[in-house]
Each structure stands twice: as C-alpha cells, then as structure tokens.
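Chemist: Provided herewith is a single structure, encoded as structure tokens, for subsequent inquiry.
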C-alpha cells in the first residue's frame, strides 16, 4: 500500500496511531488566543462512519472523536446540500441565502480569473461570495493574520476563506496544484517544488488495495451497481500511463495524502502558527466524495477509504504537532454534506421506491410553446429549481404565473417527485416543516426563484452518477462536527447544532467579533 510518507519529508514523523486516544483538551486552556485554527473538511463525510468503523479507527479520526467536543447532531440547515454552498457556510456563519453561494452551479467558476500555469480549464474565484469570513474578522484585528486553504476542488479551497486574497490552491487534472489570477500572478516556489515531486504521476501502475485483511470488512466486494458496473472489485489498479494516473488518482485515498502533504509544506513555507497572531489553515479532503459518488456509502470501498483517511489525518496531526505547539492549535473537523445510499440499494427498504428523476422533458414542451414569443430562454431549470425572468414575460404580455403553474402541475406527476413548492410561499411553514425551513435558508428573498422541487427520499437527479447528495433530507444534511483543542470540553453533545455555528464559536475562541450579522450561535456548552 502506498503511503502518505512518499515524497513528503514532513510525514516521516510519528506513526498515525500514536497517542490516538489521548484527549488534548484535558488540560486547562492556555492564556490568550490560539496561534492556528485548522479547519478540516471531509467532502461527503457522514457522521455515522465514526461509529460504524469506530473499532477499527486508530489515527486522526479516532483522536479527534475521542479527545474533542463531538456534536452528534450537526446539520447543514439548507436544502441544496452540495459542495459549494456547504463550504461557504463553514467560516462565514451564514446560510447560502446570505453568502450568495446557493449551488455548485453558482459556485466559483470565473472566466475573468484564469488559472496560473494550468491546463485549459475554467478560471475560478470567490466573486459570487457575499460578505466576510473568520479570516476577515481576524485580519481586521491583526493585519499579520495569514490563511492557507488547499483542496482537490477549486470550490473546496476557495469558499471557506471567502473573498480574502490569501494562499489558495487546488488540484488540476495534469497532476499539479495551482491557483487563479484572482489571488496571484505566479505560483510560489514552495508549491512549484511540491509539484516537481510529481507525486500523482508516481501512482501510475499502482493499486489501491485493502488496508486490512478482507475478513475485517462486512460489506460485499462484488456489487455490480457500484462503479456503474466497472472496476467495482478490489484491488483498484491505476493505469500505467502517468497522465491518466494523475487524473484517476482522485478517486482513491491517495488524493487526500497529497493534499495533506501540501498543507504541511504550506504551514512551513508560510510560517503559519508561529507568530503572535492567529492564522488559519483550511484543508478540504475530497477523495471521500469521489469514492462515495462512484461506489456509494455502503461499499467496501468507502469502508477502506475511511480507514485510510483515519491514517492520513493521524499522520497529519502528528506532523503538525511536531511543527507547532499543540496547546495553541484549534482543530475543527466537519463536512460539506452527507450522502444517500445508491437508490437501487435503498429501494429494498424504502417506500415509495426511490427513482432517478429528470424534469427537462417536462419543461421542453412549455419552452417550445413560448418560443414564438422569444420567451423560451426566460424560464430556466437547474434540477430542483425553476427560475423565471418575470420582466421578460411582462414585456411580452404573457402571464408568468400561468406558465409556472403549468410546469408545477406536470412536475408533481413525475415518479420520484415528492413536492413542488412556490418558493415565496414557504416562509410561513418553517417552524413545522424542516424541508421548507431549509429551502428558505437556501435563497435570498430577492432571488428570481419561482419553484423548488423536492424528490422522494433517496431519489436522485439524473442517471449518470451512482450515488449522490443534494437533498434537504437529514441523510444529506447530517455531518460530523468536532472541536479539538484545550479551549473545548471533551465529550459528546447530542443537541442539534448547525454548521453556521462553527464560525461564531471560533470567533469567541480567537477573541474577534463577526463584522456582520451571522446566522449561527456560539456553542458555549462545549467551551471551557
């Protein structure tokens, strides 16, 4: 098995499982603020993984779970549980309706901010993000504050930090970490040196094999719906071509190894956590998301990935604590969303039976009828949301409400559709209706959203992906949340909390105040 220590001197330190059970937060809180806040976001991490695989965890997940303040009922309290809106809540303390990041499609793509020294891919920036984050609040109090954010995904790296022009890097398909011209004009030497190691290409011809003996996994290995019928049995061999391997390595635990290695190199190169100010490291690990989409949350692949993730985080924490004083570091572990079971697998126990849904065939005849009035482009469908340009309808003398209602009536008859709601009518139901509440947290009242569509449980949009997320149901919204460090009381906390509570809680610990109104609250019961 290829390990994280390959190609990264910082990882030639203590074994991942060392002191995994020792609660760092058992000591009295130190005087003053932390020197470093570390946000670890596991893309598509479900909280039940911590218990389901708990007896086999010996590394970083075990250390954080057993030694931190673990909130067992933490949720993203918005409806479109995707990567972009989820990451944008974490250090802003605000729902998507306030951050402006309502979906992946309204995320970070920006042609005006091309990539630096990268392949021919779209540029990216946080220009659509509204407001501020913890990094801005810290910088307002101390201009020396620095932040580093790394991820396989551009939106995973960019959105936790917001609009601040800090050190932000993400992975591109040719096997390099890069950034965009929103942040800089050149790649710094330390990132160039990391890329020069060609770690992604080194996995060419290597295999992802089980970490433990096969008898230690309860999940069947041969489930042909996983991987859409391709490569669904261990071991998973990466192609011998180095360019192909650099792309496909993203769907293995090795991707997280490289992201964590880059983060550690950045801590050293930027001097994070060395000064009197509080710095921020945001590390979003994306392998769990790609593996979950391909194999589903109930697969042997997911089981082994979580064990590998546990190892990676253990080595990362051991290495970080060799570099910096652990008594001055706060670590937060969470996720940007959860995931549902593969619909065909969930269908065995779920009623009504989950389905794979598309509504573009419902919209097409409506658009065709509007084409003579040149209104076919004035009505848009983005899976679960119908947008309408009312001004265009008014100018053409067409009643927009009649068209919207026509679509809504037809959509309600489609198998897999649970409800079709007029967005503007949802506010009155939020106290008794959690789905309505999460939809109202998704969009601003001024957004031109007409209809929001909720599928039946475990139904998904489209047919091209094996398992996915994005619904307002708890299985997609429920995420792990752990605060770890001497400022927090070790233990399990069962009351419901939300990801928007992370930023205001960290603001108290770091001694700053949000510069705007936030939606979250301070989780005082976990603070010493």
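Chemist: What's the extension gain from residue 464 to residue 237 if we count 0.36 nm per residue and subtract their Cα-Cα distance?
Modeler: Gain on extension, residue 464 to residue 237, equals 79.5 nm.
Chemist: Related question: Would you compute, from DSSP H runs of 4+ residues alone, the mean residue ellipticity of the chain at 222 nm, taking -39500 (n - 2.57) per run and dividing by the full residue count, rounded to the nearest 500?
Modeler: Calculated at 222 nm, the ellipticity per residue is -8500 deg cm²/dmol.
Chemist: Order by neighbour count: 251, 509, fewest other Cβ atoms within 10 Å first, most last.
Modeler: Going from sparsest to densest Cβ surroundings: 509, 251.
Chemist: Residue 112 label point, 7 Å along Cα→Cβ, cut-off 11 Å on backbone N: hits in the stretch 132-161?
Modeler: Counting backbone N atoms under 11 Å from the label point, the list is empty.
Chemist: Taking the Cα of residue 424, stepping 7 Å toward and past its beta carbon, and measuring to each backbone N in the stretch 363-395: which are under 13 Å?
Modeler: Residues 388-391, 394 qualify, since their backbone N sits under 13 Å from the label point.
Chemist: Then there is this: Please report the relative contact order for the stretch 356-461, taking Cα pairs under 8 Å with a sequence separation of at least 6, and give it as a percent rounded to a whole number.
Modeler: So the answer I get is 32 percent.
Chemist: With axes computed from alpha carbons, what is the tilt in degrees of helix 360-370 against the longest principal axis of the chain, rounded to the nearest 10 within 0 to 90?
Modeler: It is inclined by approximately 40 degrees.
Chemist: Considering only DSSP beta bridges where both residues belong to the chain, give the percentage that are antiparallel (nearest 5).
Modeler: 50 percent
Chemist: Calculate, in nm to one decimal, what residue 521 and residue 364 gain on full extension: separation in residues at 0.36 nm each, minus their alpha carbon distance.
Modeler: 52.1 nm
Chemist: Between the stretch 341-415 and the stretch 29-61, how far is it from one alpha carbon centroid to the other, in angstrom?
Modeler: Taking the Cα centre of each part, the stretch 341-415 and the stretch 29-61 sit 41 Å apart.
Chemist: Oh, and also: To test your reading of the geometry: what angle, between 0 and 90 degrees and rounded to tens, separates the Cα axis of helix 300-323 from the longest principal axis of the chain?
Modeler: The angle comes out near 50 degrees.
Chemist: Using a ≥ b ≥ c from the Cα gyration tensor of the stretch 356-461 (square roots of the eigenvalues), is it rounded, prolate or oblate, where a/c under 1.5 gives rounded and otherwise the larger of a/b and b/c decides, a/b for prolate?
Modeler: oblate
Chemist: Taking the Cα centre of each part, how many Å lie between the stretch 258-317 and the stretch 191-254?
Modeler: If you average the Cα positions of each part, the centres end up 17 Å apart.
Chemist: Still on this structure: Quick check: from the Cα gyration tensor, does the chain come out rounded (a/c under 1.5), prolate or oblate?
Modeler: Prolate.
Chemist: At a 10 angstrom cut-off on C-beta neighbours, averaged per residue, how do the peptides 279-289, 385-395 rank from highest to lowest?
Modeler: Per-residue Cβ counts within 10 Å, averaged per peptide and sorted highest first, yield 279-289, 385-395.
Chemist: Whole angstrom only: what separates the Cα centroid of the stretch 154-185 from the Cα centroid of the stretch 65-137?
Modeler: Using only Cα atoms to place each centre, the spacing works out to 12 Å.
Chemist: So, one more: Expressed as an acute angle from 0 to 90° and rounded to the nearest 10, what is the orientation of the C-alpha long axis of helix 254-270 relative to the principal long axis of the chain?
Modeler: 60 degrees
Chemist: Just check the stretch 413-494 against the gyration tensor rule for me: Cα atoms, a ≥ b ≥ c as the square roots of the eigenvalues, rounded for a/c under 1.5, and otherwise prolate or oblate depending on whether a/b exceeds b/c.
Modeler: Oblate.
Chemist: Any idea what the relative contact order of the chain is, in percent, if you count C-alpha pairs under 8 Å spaced at least 6 apart?
Modeler: 29 percent
Where a number appears in this text, it was derived from the coordinates with a stated rule and is not lab data. Computed from a predicted structure; not experimentally measured. For neighbour counting, all protein chains shown are included, and Cβ atoms are generated from backbone atoms with ideal geometry for every residue, glycine included.
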